[in-house]
Amino acid sequence: MIQAAAKPSSPCTKLCLLDAVSGLCEGCGRTRNEIALWGSLSEPQRRAVMAGLPERLRQAYPNRAASDRDVPTRATP
C-alpha cells in the first residue's frame, strides 16, 4: 500500500493580506519571501519560521487582542 505524502505544516489562516508598512501577512505573520519559498523549505525550516510568528505578530500589531494574533499551525503528525 502506498502512503500519501503528509501535508507540510503551515501557519496560513486564510487571511492573506500583506501589510504595506510591516511587509507581513496580517493573517500569519510571514513575509512575502517566506510565503513564496514555503513549499521549498524543509519541515524543520518551516517549524523554525512558525516558532517566531506569534512574537513577530505581537511586535507588528501591539494593539490587537491576543486571540486575534494567535497563529494556528497545522502540524502533521
Going by amide H atoms built from the backbone, whose H comes under 5 Å of the H on Leu24, apart from near neighbours?
Asp19
Using θ = phi - 60° and the Karplus curve 6.51 cos²θ - 1.76 cosθ + 1.60, what whole-Hz ³J(HN,Hα) does each residue of region 31-37 get, with Gly and Pro shown as x?
7, 4, 5, 4, 5, 5, 8
Using a basic spin-label model with each label point 7 Å from the Cα along Cα→Cβ, how many nm lie between Thr13 and Glu43?
2.6 nm
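Out of the trypsin sites (Lys or Arg not before Pro) in region 8-54, which ones are loop residues according to DSSP with at most 10 other C-beta atoms within 10 Å?
Details: sites: Lys14, Arg30, Arg32, Arg46, Arg47; in loops: Lys14, Arg30.
Those satisfying the criteria are Lys14.
None of the figures in this text is laboratory data; all of them are computed from the coordinates on show. Because the structure is predicted, anything quoted here is derived from the model rather than measured. FYI the Cβ positions are ideal-geometry reconstructions off the backbone, even for glycines, and counts take in every protein chain you see.
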